[in-house]
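In what follows, a single structure is set out as structure tokens and then discussed.
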Amino acid sequence: MDLLDTLTAKGLRGEVPTREEALAVLATTDDELLDVVAAAGKVRRRWFGRRVKLNYLVNLKSGLCPEDCSYCSQRLGSKAEILKYTWLKPDQAADAARAGVAGGAKRVCLVASGRGPTDRDIDRVTDTMAAIKDADPEVEICVCLGLLSDNQAERLKAAGADAYNHNLNTSEGTYGAITSTHTYADRVDTVQKAHGAGLSACSGLIAGMGESDEDLVDVVFALRELGSDSVPVNFLIPFEGTPLAKEWNLTPQRCLRILAMVRFVNPDTEVRIAGGREVHLRTMQPLGLHIANSIFLGDYLTSEGQAGQTDLDMIKDAGFEVEGAGEATLPRHRADIAEAAQAGGGCGTAASACGSGGGCGPCGGHSHAPAQAAADAADAPAAEGSDDELRSDLVKVRRRGAGTELAPNA
Ligand code: SF4
């Protein structure tokens with residue numbers, strides 16, 4: 001297939017495809033799917049070998065957010081019966097983080113719901129990072145606290161944060177349809193603030209919110225342009241009690257095509273399968289490992305993932321290996337670009353940007369705008385490959401780990 005030969009050749013050289021080529025990946029058929037996965041797999045192995053980076057989420061503050069992101073179980077007015085709690089104490093967060101690191105996680109992602117942190121919140125997170133790094137100085141810490149004000153990114157960097165997550169989530173053109181309390185430009189500004197302060201930028205997307213193929217391609221190219229070092233790909237978890245509860249329009253095949261498109265546009269950038277992996281890829285998860293080089297271990301912010309040991313078994317069974325603490329995630333040339341951008345106080349010029357499965361994260365196209373989708377989801381036709389049935393049975397609210405008396409899943 002000419003398209004895949006072209007994309008593979010470009011990916012092996014670290015080149016970005018054209019927008020038309022990216023769209024063509026999303027338009028491939030199920031008969032072509034294994035060829036698409038194989039082509040993306042060659043690019044993945046060129047830059048990341050068979051390593052899988054494990055990341056572990058700690059939800060520092062859950063629920064009760066004043067923002068109205070329609071995909072989020074923690075949003076204003078959410079009726080999802082999730083855990084709700086205020087800031088974990090540093091030792092509680094450090095205990096949760098330790099479990100993830102013991103399970104093989106290289107990076108701990110500290111997430112708090114809310115529009116953005118106060119300066120007091122930055123102090124809290126500073127204390128929490130100190131407690132985590134006291135126990136394990138090698139662990140990478142990514143912080144996800146929402147929109148940043150001036151100087152907060154610098155304070156986090158000085159306190160030991162390695163990365164900051166803030167997802168763009170969807171295209172600029174449809175952003176207003178999923179959230180009204182902040183803008184796409186606000187999100188871009190925070191990614192730039194984080195990157196400008198010398199934090200590695202983590203920014204990704206959520207697929208399955210009713211967006212078009214063009215929207216997906218737009219946001220993925222925007223992430224590349226912003227200079228994200230890691231791109232989490234969330235597949236919408238349609239929580240009961242949120243406006244997108246009926247948006248079950250992803251199939252495992254669709255998810256793999258989306259992952260492949262993200263890989264081709266970001267050949268040498270960390271691509272992470274984030275929230276919704278178990279819910280939407282289901283038994284096809286191992287094929288995702290041939291495309292992405294990073295996953296979350298165990299549970300998500302407000303929903304449960306498969307057992308951490310099952311994640312480890314899956315990686316081993318599929319012939320991959322967990323990336324060790326001493327191994328660099330990014331290829332040398334990308335790490336150089338990231339370091340230069342951080343030293344220079346600005347985003348890299350390389351075609352790359354940032355994301356999380358965070359509070360502002362883990363979440364899942366057909367062709368009408370998301371807000372419209374939220375409004376008339378009940379009447380929406382079945383999307384590509386949809387079996388036209390609600391699969392609420394697949395969404396399990398998190399009842400263990402941070403904020404509970406039960407052991408974390410790691
Ligand atoms: S995604 Fe973040 S900002 Fe938006 S409602 Fe959820 S916790 Fe709040």
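The values are calculated or read from the model by the stated rules, or taken from the named source; none is laboratory data. As the structure is a prediction and not an experimental result, all values here were calculated from the model. All Cβ positions, even for glycine, are placed from backbone atoms using ideal geometry, and neighbour counts span all protein chains on display. Just the protein is used for accessible areas: all its heavy atoms, side chains included, with ligands, DNA and RNA removed. Shrake-Rupley method; radii C 1.70, N 1.55, O 1.52, S 1.80 Å.
On average, how much accessible surface per residue is there in the chain, in Å², for a 1.4 Å probe, leaving out ligands, DNA and RNA?
35
Once you order the gyration tensor axes a ≥ b ≥ c over the Cα atoms, which shape class does the chain get: rounded for a/c under 1.5, otherwise prolate or oblate by comparing a/b with b/c? All intermediate terms of the calculation are to be shown ahead of the outcome.
Numbers: a/c = 1.34, a/b = 1.13, b/c = 1.18.
Because its axes are fairly even, with a/c under 1.5, the chain counts as rounded.
About its Cα centre, what dipole magnitude does segment 1-135 give when the only charges are +1 on Lys and Arg Cβ and -1 on Asp and Glu Cβ, stated in debye to the nearest 20?
Values: 22 positive and 19 negative charges, 128 e Å.
I would put it at about 620 debye.
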Taking protein heavy atoms only, a 1.4 Å probe, and rounding to whole percent, the accessible area of the chain owed to carbon and sulfur comes out at 50
Run the helix sum for the chain: -39,500 (n - 2.57) per DSSP H stretch of 4+ residues, divided by residue count, reported at 222 nm to the nearest 500 deg cm²/dmol. -11500 deg cm²/dmol
Is the shape of segment 196-262 best called rounded, prolate or oblate, per the rule: a/c under 1.5 gives rounded, else a/b larger than b/c gives prolate, else oblate, with a ≥ b ≥ c the square roots of the Cα gyration tensor eigenvalues? prolate
Spacing of the two label points (7 Å from each Cα toward its C-beta) at A27 and K316, in nm: 4.4
5 Å is the cut-off here: which amide hydrogens, built 1.01 Å from N in the peptide plane, fall below it relative to E323, excluding neighbours closer than 5 in sequence? V52, K53, L54
Under a plain spin-label model, where a point goes 7 Å from the Cα along Cα-to-Cβ, how far apart in nm are A158 and D123? 1.5
In Hz, Karplus ³J(HN,Hα) per residue of segment 263-273 (6.51, -1.76, 1.60; θ = phi - 60°; x = Gly, Pro): 4, 5, 7, 10, x, 10, 10, 4, 10, 10, 7
